[in-house]
Each structure stands twice: as C-alpha cells, then as structure tokens.
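Chemist: Pasting in a structure now, in structure tokens, and then I'll have a few things to ask.
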C-alpha cells in the first residue's frame with residue numbers, strides 16, 4: 001500500500017484548480033470580456049476558499065494539540081497556501097493589466113479618477129450627486145471607541161484627509177466608506193467619444209468626488225485605498241442543541257456574519273501606519289494580511305458589461321433538440337417506454353421543468369417527492385411544485401438547509417412552500433442531503449407506477465445553462481423501487497437494507513465502489529482488460545485513493561477527469577504508472593460525476609451527485625444510479641472518450657501542480673465541450 005506522502009495536499013490541489021481558471025483569463029484565444037469574467041470567477045472562488053478552507057486550517061492550527069492523527073501540520077500548510085495566494089495575486093494583477101491594454105486596442109478604456117477629461121468630469125460629478133451620494137454613509141474613525149463592523153463580501157474605501165499648517169505640520173482625518181455595490185452597478189458606462197468607449201468603476205467615481213463628500217472639513221488632500229475583509233463562513237451548528245432546525249440555522253447564520261477575520265486584502269500602496277491602524281483596531285494577525293492591487297472584489301467582473309460587441313464574448317449556445325422528448329408530447333409517456341437522459345447545458349433544462357409541470361396538471365399523478373439543495377432565485381421548479389399542490393397532488397420536498405451560502409434562500413423557500421401546502425422536510429443536522437432525485441407516482445389502471453429523475457447537478461435552471469451535468473429519467477422498476485426506499489428513509493428514518501441497484505451514501509456507496517474496483521483488480525490479475533474512468537469534481541478520500549493505487553499496481557488502466565481537487569499523484573513509478581489524471585476548464589463548468597468500470601466487457605456505468613471525498617461517502621446522503629440502457633451507456637462513454645482526448649483545454653494533474661496542457665499525438669484538435677456538443681448534434 002502506498003505511503004502517505006503519495007498524496008497532493010487538498011488545499012494546494014484546489015489552488016492549482018484556481019490557477020487553471022487564471023490560465024483561461026490569460027488565454028488569448030478566449031474572447032476578451034470572457035477573460036475578464038474568468039478573473040471574476042477566480043476572485044469569487046478565492047473568496048470562498050478563504051471563508052471555508054483557510055478558516056478550517058486556522059482552527060486546526062489553533063487546536064492541533066487536540067488532533068493527534070493529523071496527516072499534516074496546519075501551520076505549515078497555511079504558510080504554503082498564503083505564499084501561493086500572494087503569487088497568484090501578482091499573476092492576477094499582471095493579467096488584468098494585459099487585458100486593459102488589449103481592450104484599449106479595441107477602443108475600450110477603463111479609466112480611473114485621474115484620467116477624466118472635462119466632459120467625463122461633468123458626467124461623473126452629476127452621476128455621483130444623483131445616484132451615489134444618497135447611498136453613502138461615511139464613518140469617521142479617528143478616536144472612535146468602537147471600530148466599525150466590516151461586512152464580509154463588501155469592499156470599502158479607507159480614506160485619509162490631510163492638510164498642513166503654516167509650520168508645515170500635517171493634520172490627518174480618517175474615514176471608512178462602504179462601496180454600495182448592492183444597490184448600484186460596479187461598472188458605470190461613460191459617454192462615448194468618437195469611436196472610443198469608456199468604463200469607470202464605482203469606487204473611482206467616489207475617489208474623484210471625495211472633496212464633495214467631506215466638504216465640511218476643508219482639507220487640502222483627499223486619498224483613498226480599497227480594503228476588504230473576508231470572514232470565517234463555517235456554520236457552527238451544535239448538533240446537541242434541541243429546537244427548531246430553521247431557528248438553529250438562522251442563529252448560526254447571524255454568527256457567520258460576524259465570523260472571525262481570515263483575510264484582510266488591501267491596496268498595496270496603503271500607508272504602513274494606516275495599515276497598522278487596521279491591524280490594531282481589528283485585532284488582525286499578520287497571516288491575515290494580503291497585499292493586492294487597486295481593485296478588490298473582482299467577483300463583480302463576472303457581470304462586467306459588454307460594450308465591445310459580440311466578438312468579445314462566446315457565442316450563445318443553441319441547445320440541441322432531444323431525440324426522445326418532442327414539443328407538445330408527453331414526457332411521462334416517453335419515459336414509460338425507455339430510459340432518457342439530458343446532457344446539460346447542451347440540452348435544455350426546460351425539459352426538467354416541463355416534466356414537473358406535466359406532473360402538476362396530470363390527473364393521474366398523485367404524489368411528487370423531490371430533494372432540493374440549491375434552486376434559482378425565481379425558481380420554476382418550486383413554482384411547479386406549488387402548482388402541483390394547488391391541483392390536488394401530494395408534494396413532499398426534502399430541502400437542505402445547510403447548503404453552503406444558500407441557507408437563507410432555502411429558509412425563505414421553506415416558508416413559501418409551507419404556506420402553499422407543500423410538505424417540507426429538512427432532514428438531520430449532522431447529515432446533508434446532497435442527492436438530486438425526484439419521484440412521481442402515477443395511477444395507471446388501478447396501480448401505482450413510479451417515474452424517477454436522478455441528476456448529477458442541482459434543480460437550478462440558471463446554473464443548468466452554465467454547468468455540464470446529466471439528468472436521467474427512468475420508469476425501470478429496479479431503480480424506481482430503490483428511489484422510493486431512499487425517500488422512505490429520508491422521511492421516516494430507520495434502516496435501508498433492500499437497495500439492490502442504487503448506490504447510496506452513507507449506506508453502501510463506499511462498499512459498492514470498493515467491490516467494483518476489486519473486480520477490476522481481479523480481472524487485471526487474470527490478464528483481462530481492466531479499466532476505470534472517474535469523472536468528478538473532487539477526489540480526496542484516502543481509502544479509495546489507496547485502492548486506486550493498488551489497482552494501478554495490478555495493471556488496471558485508470559483515467560480520472562477531476563475539475564478541482566485531486567489528491568492522487570499520477571505516474572509514480574511502480575505505484576501509479578497506470579493512472580492518468582486531467583482537468584478540463586473551459587466556457588462551461590464541468591460538474592458531472594460519472595463512474596465507469598469495464599467490468600469484464602459488461603460495463604458498469606453510474607451517474608452520481610457524489611464526489612469521492614470522505615464527507616460525500618460518510619456524512620452526506622448521496623445517490624449513484626446505474627445506467628442499464630446500452631444506448632445511453634455508449635453515449636456516456638463517447639462523451640468520456642472525447643473528454644479524455646481533449647488537447648486544447650485539458651491540463652495534466654501532477655505532483656508539481658504545473659497545470660501543463662495535455663498535448664496528444666497527432667494534429668487533430670480536440671476541444672471537449674465543443675466536440676461533445678457536435679457529437680450530440682449528430683446523434684439526436
């Protein structure tokens with residue numbers, strides 16, 4: 001069995017994924033506005049990384065004496081993580097500078113407060129007075145007894161006013177201004193000048209108008225630097241506290257808003273004495289300090305306006321018609337006679353909404369059960385479920401209150417659905433319900449007939465246009481009976497002992513995966529072809545990783561497509577020489593989970609909500625559904641084959657975390673997301 005040092009450390013592996021996002025921002029073949037959006041995605045990812053993973057490392061470091069069996073020293077990992085983050089931040093700043101220069105070549109200019117001409121000055125001053133000034137609430141922080149509370153996710157201007165007396169002595173005054181991006185777009189489009197187009201950021205308009213804001217002080221100099229605080233986002237829910245689960249989560253959310261600081265990002269030109277003032281008043285640690293560029297909260301760049309035309313963005317995806325589901329034809333009837341699958345976003349998620357809408361008005365449908373983890377802000381899924389209740393159906397929703405950063409939205413949805421008569425169940429405090437399953441019970445000729453939908457992604461129509469996922473429909477009694485048992489377990493508890501086809505964690509998924517891997521090992525020992533393909537977001541479970549190492553040593557060919565975290569080290573002599581791991585980062589987010597086992601020529605293919613991490617296999621309710629339909633199996637394998645052949649957007653995962661692009665032999669260009677789309681167009 002391989003030793004512990006044959007793993008890629010989880011946090012460093014994740015940062016390597018975010019480096020791949022930066023690669024997309026730097027890639028000249030990507031349209032310019034899309035490259036800015038990738039900077040926004042990088043920033044948003046990093047925010048969450050600090051709020052969750054760095055916060056967890058800080059706690060481990062603080063209490064590591066209590067954890068005797070840690071595989072690593074959290075202090076060492078923290079120092080390594082911060083070095084990587086600072087290095088990536090420098091790379092980020094260089095890429096942003098390059099992008100602004102390239103935009104300028106296309107006559108698109110992002111200007112700051114020092115670059116305005118007289119015409120722009122009048123526009124900006126007027127815009128400030130009418131739109132921004134009413135939203136500003138500056139706080140003078142000199143000699144203040146209680147330092148202002150800095151909110152997570154917000155950005156602030158740290159302002160210094162100064163003037164000198166006749167003797168040359170300087171007098172200072174300091175203030176904090178929260179940038180009101182919650183109410184006003186971060187990007188303000190300035191009037192065109194000839195063919196030139198201009199953008200200015202909200203904080204630069206405020207910088208320009210500081211004198212108008214602080215006019216009562218009559219200072220000579222007005223300066224401002226952007227600062228941002230990131231807080232620990234962990235919900236510390238005490239499982240031993242009795243009470244209403246909604247109330248428990250709500251109280252934890254209030255604590256999150258006041259979480260411990262884990263990162264203080266500041267414009268690197270902030271004067272040292274001003275920075276020290278923040279450190280002292282906010283009780284920051286030197287590890288919390290991350291110097292950065294002029295702008296923070298680059299996540300807002302995900303919504304940067306396109307003022308440069310259609311060549312600046314990816315072409316809109318024209319979704320592929322489905323070979324089974326036809327307009328104005330019953331989906332339920334189609335599913336009755338054959339299994340069906342959607343490949344999102346290439347197929348439309350509207351089919352899932354149509355499926356529920358049809359069920360909501362079908363007189364023969366008596367019952368709908370569904371698990372919800374994340375839903376859209378104005379969810380057609382939820383609206384269809386509410387409509388089903390209004391049409392006399394029994395509707396039960398298993399809504400996960402602990403879906404990270406969606407907790408408040410899910411509490412609001414709970415209240416809305418309960419008001420409409422939907423039965424909402426929240427499960428247990430210690431185990432997240434992460435599976436994506438739906439079961440419809442329909443009365444046909446006096447008998448209850450079951451129809452199931454099982455997905456790799458959320459019931460979320462917005463992300464379904466951006467995420468690559470699979471949504472599987474079946475009336476196969478082998479599967480629907482198991483799905484029914486899963487819902488019975490979620491509703492009433494107890495034990496599930498009769499599942500024959502589904503994998504479900506924490507009940508049997510680990511054992512079934514172990515058995516499938518062992519079968520490949522046995523086939524390899526018998527000199528038979530043995531192969532495993534795993535497509536997922538994360539793979540980090542030590543027991544399964546060790547078993548995959550063992551399979552490799554026995555001659556099993558293993559391919560891994562991991563979007564983010566991958567602790568496996570491919571290519572180690574005599575250990576992982578038969579393992580190849582790649583990561584694909586492109587215009588859509590790779591989100592699907594597929595487990596493929598050659599199984600002595602009778603492939604075992606599963607679609608799942610579960611990554612291969614300890615949490616998914618031991619502390620969450622996850623489901624993996626077997627695909628028995630041969631045609632769908634072939635379709636899924638072809639998608640995997642195309643992804644494994646990608647030589648354009650695939651990076652090799654390695655111990656050095658260099659993110660080298662995979663270059664295959666031959667000259668044929670393969671870009672998986674485009675080629676999968678073309679494959680589906682020709683087969684539908």
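Only the coordinates and a few stated rules stand behind these numbers; no lab work does. None of the values given here were measured: they were computed from a predicted structure. Don't worry about glycine lacking a Cβ; one is built from the backbone with ideal geometry, like all the others, and counts go over all protein chains shown.
Chemist: Tilt of helix 118-127 relative to the longest C-alpha principal axis of the chain, in degrees (0 to 90, nearest 10)?
Modeler: The two axes meet at around 70 degrees.
Chemist: May I ask you to give the average projected area over all directions of the convex hull of the Cα atoms of segment 418-458, in nm² rounded to one decimal?
Modeler: 4.6
Chemist: Report, in degrees rounded to the nearest 10, the 0 to 90 angle that the Cα long axis of helix 509-525 makes with the longest principal axis of the chain.
Modeler: Compared with the principal axis, the helix lies near 70 degrees.
Chemist: Could you give the distance between the Cα centres of segment 419-489 and segment 259-324, to the whole Å?
Modeler: Taking the Cα centre of segment 259-324 as reference, the centre of segment 419-489 is 36 Å away.
Chemist: Quote to one decimal, in nm, the extra length available between residue 221 and residue 358 on full extension: 0.36 nm per residue of separation minus the C-alpha distance between them.
Modeler: Contour length minus Cα-Cα distance gives 42.7 nm.
Chemist: Shifting gears a bit: Under a crude label model (7 Å from the Cα following the beta-carbon direction), how far is residue 573 from residue 143 in nanometres?
Modeler: Going by the 7 Å Cα→Cβ label model, 7.2 nm.
Chemist: For segment 503-683, give me the percentage of DSSP beta bridges that are antiparallel, rounded to the nearest 5 percent.
Modeler: 60
Chemist: Counting only DSSP beta bridges with both residues in segment 331-492, tell me the antiparallel percent, nearest 5.
Modeler: If I count the DSSP bridges inside segment 331-492, around 75 percent turn out antiparallel.
Chemist: Taking neighbour counts of Cβ atoms within 10 Å as a proxy for exposure, in what order, fewest first, do 668, 181 appear?
Modeler: 668, 181
Chemist: Now, a different point. If you take the square roots of the eigenvalues of the alpha-carbon gyration tensor of segment 347-497 and sort them as a ≥ b ≥ c, do you get rounded (a/c under 1.5), prolate (a/b over b/c) or oblate?
Modeler: rounded
Chemist: So how much slack lies between residue 182 and residue 667, counting 0.36 nm per residue of separation and subtracting their Cα-Cα distance, in nm?
Modeler: Stretched out fully, the residue 182 to residue 667 stretch lengthens by 169.7 nm.
Chemist: For a quick check: sort 183, 42 by the number of other beta carbons within 10 angstrom, fewest at the front.
Modeler: 183, 42
Chemist: Once you put a point 7 Å from the Cα of residue 48 and another 7 Å from the Cα of residue 151, both along the Cβ direction, what distance in nm separates them?
Modeler: In this crude spin-label approximation the distance works out to 2.1 nm.
Chemist: Continuing with the same structure: Would you kindly state how much longer the chain becomes between residue 314 and residue 260 on full extension, computed as 0.36 nm times their sequence separation minus their alpha carbon distance, in nm to one decimal?
Modeler: Net length gain for the segment: 15.5 nm.
Chemist: Still on this structure, please answer the following. Compute the distance from the alpha-carbon center of segment 563-588 to that of segment 85-152, in whole Å.
Modeler: For segment 563-588 versus segment 85-152, the Cα centre distance is 40 Å.
Chemist: Can you tell me the orientation of helix 672-683 relative to the chain, as the angle in degrees between its alpha-carbon axis and the longest Cα principal axis, to the nearest 10?
Modeler: The two axes meet at around 40 degrees.
Chemist: Okay, moving on. With labels modelled as points extended 7 Å from the Cα through the Cβ direction, what inter-label distance (nm, one decimal) is found for residue 350 paired with residue 599?
Modeler: Those two pseudo-labels are separated by 3.5 nm.
Chemist: While we're here: Hey, what number do you get for the chain at 222 nm if only DSSP H runs of n ≥ 4 count, each worth -39500 (n - 2.57), divided across all residues, to the nearest 500?
Modeler: -11000 deg cm²/dmol
Chemist: Enter the Cα centre distance for the pair segment 634-672 and segment 342-400, rounded to the nearest angstrom.
Modeler: 36
Chemist: Taking only C-alpha pairs under 8 Å that are 6+ residues apart, what is the relative contact order of the chain in percent?
Modeler: Relative contact order, the chain: 12 percent.
Chemist: Let me ask something else about it. Rounded, prolate or oblate, given the Cα gyration tensor of segment 2-54, with a/c below 1.5 counting as rounded?
Modeler: Taking the square roots of the gyration eigenvalues as a ≥ b ≥ c, segment 2-54 is oblate.
Chemist: How much of the DSSP beta bridge set in the chain is antiparallel, as a percent to the nearest 5?
Modeler: 70
Chemist: Moving on. Determine, for 669, 527, the number of other Cβ atoms within 10 Å of each Cβ, and report the residues in order from fewest to most.
Modeler: Exposure proxy ranking, most exposed first: 527, 669.
Chemist: Please work out whether segment 525-658 counts as rounded, prolate or oblate from its C-alpha gyration tensor, where a ≥ b ≥ c are the square roots of the eigenvalues and a/c under 1.5 means rounded, while otherwise a/b larger than b/c means prolate and anything else oblate?
Modeler: rounded
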